[in-house]
1. Examine segment 143-161 for a residue that is farther than 21 Å from Val248 by Cα, touching a residue at least 60 places away in the same chain (Cβ under 8 Å), within 20 Å of the chain's Cα centre (by Cα) and in a strand (DSSP E or B), and state whether such a residue exists.
2. Go through segment 362-410 and report how many residues are in contact with a Lys or Arg (Cβ under 8 Å, 6 or more places away or on another chain) and on the phi > 0 side of the Ramachandran plot.
3. Within segment 109-130, which residues are touching a Lys or Arg at 6+ places or on another chain (Cβ under 9 Å), closer than 18 Å to Ile185 by Cβ and crowded, with 22+ Cβ neighbours inside 10 Å?
4. Quick one: which of Ala287, Ala309 is among the small types (Gly, Ala, Ser) and surrounded by fewer than 21 Cβ atoms within 10 Å (Cβ to Cβ)?
5. What are the residue pairs meeting all of these: first residue in segment 231-250, first residue closer than 17 Å to Asp215 by Cβ and touching a residue at least 40 places away in the same chain (Cβ under 8 Å), second residue in a strand (DSSP E or B) and hydroxyl-bearing (Ser, Thr, Tyr), Cβ atoms under 6 Å, and 6 or more apart or on different chains?
6. Mind listing whichever residues of segment 323-339 are more than 21 Å from Ile385 (Cα to Cα), in contact with a Leu (Cβ under 6 Å, 6 or more places away or on another chain) and either aliphatic (A, V, I, L, M) or part of a helix (DSSP H, G or I) (or both)?
7. Being outside the structural domain of Thr92 (by TED's automatic domain parsing), touching a Leu at 6+ places or on another chain (Cβ under 8 Å) and among the β-branched types (Val, Ile, Thr) is the filter; apply it to segment 280-321 and report the residue that is farthest from Pro181 (Cα to Cα).
8. What pairs can you find where one residue is in segment 384-395 and touching a residue at least 24 places away in the same chain (Cβ under 8 Å) and assigned by TED's automatic domain parsing to the domain that holds Val311, the other is small (Gly, Ala, Ser) and in a helix (DSSP H, G or I), and their Cβ atoms are less than 9 Å apart, with a gap of 6+ or different chains?
Amino acid sequence: MVEIDTYKIRQDFPILDQLVNDEPLVYLDNAATTQKPRQVLEVLQAYYENDNANVHRGVHTLAERATAEYEAAREKARSFINAKSTKEVLFTRGTTTGLNWVARFAESVLKEGDEVLISVMEHHSNIIPWQQACQKTGAKLVYAYLKDGALDLDDLYSKLSDKTKFVSLAHVSNVLGCINPVKEIAEQAHKFGAYMVVDGAQSAPHMTIDVQDLDCDFFALSGHKMLGPTGIGVLYGKEEVLNLMSPVEFGGEMIDFVYEQEATWKELPWKFEAGTSNIAGAIALGAAFDYLLEVGMDAIHQHEQELVAYVLPKLQAIDGLTVYGPADADKHAGVIAFNLEGLHPHDVATAMDYEGVAVRAGHHCAQPLINHLGIHSAARASFYIYNTKEDCDKLVEAILKTKEFFNGTL
């Protein structure tokens, strides 16, 4: 496998070349959002400087160029996740929007007595829409729980039944860092006739995604977590399922014809893209796909696994530090949540910021999981293609300095 030249890659990210509190920036908040390479920023600027026009609506040159670039980005998204057709690729605002659209579809499917199966590790974006759908339909929201810091598959499979109509899971937990076997789960869910929904926000940026191989019915991702701009994402859905879905928003280019008392919709994928889309965001996301594929998704995954294998034992060796998720580095993606005994995670994150190390602290939009773990919040370090073993060392050093500082003030 080709190794990543991290130091060469870092030259593409101007934001990383700065001091924070007089220390070189070590950015370890990639699960929240990633930084953007020049190649993406330049595409974004070039669109606005040269091709800014609304898509699908004009015959003038700028409109035709914008439309061509927008639909080319859709093809790049299709290729990136290996969907069968661009009809299965919907541009959204991000993973949250995609999951909400699926849950709205579920409202037309679910009835009283039906069940939706999720896990306790889910992001709020994969909990609240299902809560709402179940409350509206009388269906029951069922949770699978944990074993050894990861999803308890025995528990999940024991809760699958003919009542299960949807199974919706994170591919990778944004807190535990565990990688869920969604292909295997999809196979079991389909045996009961359930739809399989995958929250790919934390997997699509970090590993090869093949939605046909996973055989999921839906897959949602966010552009800003994979080098793209904010406000743009993708919802994949199998064509036959998307044809069953009604649009969530109405107006603009999603219509075919509007009569005084009714209207008809365009074919896939445009029937779901009401109003003016985030055209620049989609085009720039296409550039992000290009960048990631040039680096190589398997190489990215391998690089992050090497960082985790390097840093996880060092973190586990710190007295008073609790690390959440699988203890085995091979089962741990590049997301590591932790707590220092006796210290609030916000204090830890603030102290680490003084050392130039950017980590996240809080409940990470996963309060049911945080409650299940018996804590109120946690700090979290998350890695990406521009992070190095030196960054890992700086993380460990910052934690030790934070521990020493607070121990001296308590």
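The values are calculated or read from the model by the stated rules, or taken from the named source; none is laboratory data. A quick note: this is a predicted structure, and the numbers were derived from the prediction, not measured. Reconstructed Cβ throughout: ideal geometry from the backbone, glycine too, with neighbour counts over all protein chains shown.
1. Yes, the conditions are met somewhere in segment 143-161.
2. 1
3. Passing the criteria: Val116, Leu117.
4. Ala309
5. Leu235/Thr92
6. If the condition is that a residue be more than 21 Å from Ile385 (Cα to Cα), in contact with a Leu (Cβ under 6 Å, 6 or more places away or on another chain) and either aliphatic (A, V, I, L, M) or part of a helix (DSSP H, G or I) (or both), then Val323 is the only one that fits.
7. Step by step, filter segment 280-321, then rank; the result is Ile318.
8. Listed pairs, sorted by first residue: Ile385/Ala299.
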